[in-house]
Amino acid sequence: MNDFVTYEQPLNERMRTFLRLEVLMQRLRAAMEGEETWRTHCALNSLLEIVSLVNRVDVKNDLMLELDRQAANITRLRADEDVDQARLKEIVDRLHVLSHKLHEMSGPLAQHLVRNELLSSIKQRMSIPGGTCDFDLPAYHYWLSRKPDIRLEVLKAWMAPFDQVMEATQLVLGLVRDSAVPTMQCAAQGFFQQTLSLETPTQILRVKLDANQSVYPEISAGKHRFSIRFLRLADIAARATQCEEDIEFELATCAL
């Protein structure tokens, strides 16, 4: 079976934020799977990026709006006899439950970490190359020397308030991704262009490529249309060039 690479392009700021949050949470959880101190350091890096993201954007409000919007859109399918009504009810109920749980969360998402002295000192030093060395942050060096299970418990406590956020984010993105049936397309001489539907605004473009094609897409999108240029990077140190041959790929224009 061939290996494939999927590229996603968000077409609005809300989806862009959700995709970034998803990536950061995946990195954080992956880093927490090992006992090495460098994994703990990587986990803290991702956690601090999440804090920065939720402090800059009202993620909780955006998620509640999107959950309610999707619930309203999906509910309209009840009139369709071909739709699995039991599955539809299950999804709508889950959307409502997550929206309610987010609504019950009081205050900013990262308020439990804003006044954390250790995290504040780490954040200040991370912009400096090698700024978190033990001679710069002895308190951090001491904490990293604690047993792995102690460090893991602290990390779990710090990220606990984000669990509902991550569950909601994964549900929202999953429904958007599943809203489109992928189709095979061909980019003539490495270029493809298509108009977008104005009735149901596209939220995410997904391009799936055979990993053996050795190319990647550069996606540009506006309100009415989008274009894809497929580039080849023959040398990692050189500028990529547009492909001259036809490129077959799988396209999904996700709108919900």
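The values are calculated or read from the model by the stated rules, or taken from the named source; none is laboratory data. If you're wondering where the values come from, they're calculated on a predicted model, not measured in any experiment. Quick reminder, even Gly has a Cβ in these numbers, built from the backbone with ideal geometry, and neighbours come from all protein chains shown. The accessibility values were calculated without ligands, DNA or RNA, using every heavy atom of the protein model including side chains. Shrake-Rupley method; radii C 1.70, N 1.55, O 1.52, S 1.80 Å.
Points to keep in mind about this one:
- Output for the range 2-59, where each listed residue is within 19 Å of W158 (Cβ to Cβ) and not in a helix (DSSP H, G or I): M32, E33, G34, E35, E36
- Contact map, the range 125-150: residues that are closer than 13 Å to E36 by Cα paired with residues that are aromatic (F, W, Y), Cβ distance under 8 Å, separation 6+ or inter-chain. No pairs are found.
- Failed item, numbered, when S120 is tested on (1) among the polar types (S, T, N, Q); (2) surrounded by 14 or more Cβ atoms within 10 Å (Cβ to Cβ); (3) part of a helix (DSSP H, G or I): (2)
- Highlighted here are the helices (runs of 4 or more DSSP H) found entirely within the range 137-256 that include at least 1 residues which are among the hydroxyl-bearing types (S, T, Y) and closer than 23 Å to A72 by Cβ: 163-177.
- When the range 157-173 is filtered for residues that are surrounded by fewer than 21 Cβ atoms within 10 Å (Cβ to Cβ), closer than 13 Å to Q26 by Cα and touching a residue at least 60 places away in the same chain (Cβ under 8 Å), the ones remaining, listed by number, are M159, M166, E167, Q170.
- Answer from V181, V207 - the residue that is out of contact with any Asp or Glu (no Cβ under 8 Å at 6 or more places or on another chain) and in contact (Cβ under 8 Å) with a residue 24 or more places away in the chain: V181
- For the range 186-220, the tally of residues that are modelled with pLDDT of 90 or more and either open to solvent by 50 Å² or more (accessible area, probe 1.4 Å) or β-branched (V, I, T) (or both) stands at 17.
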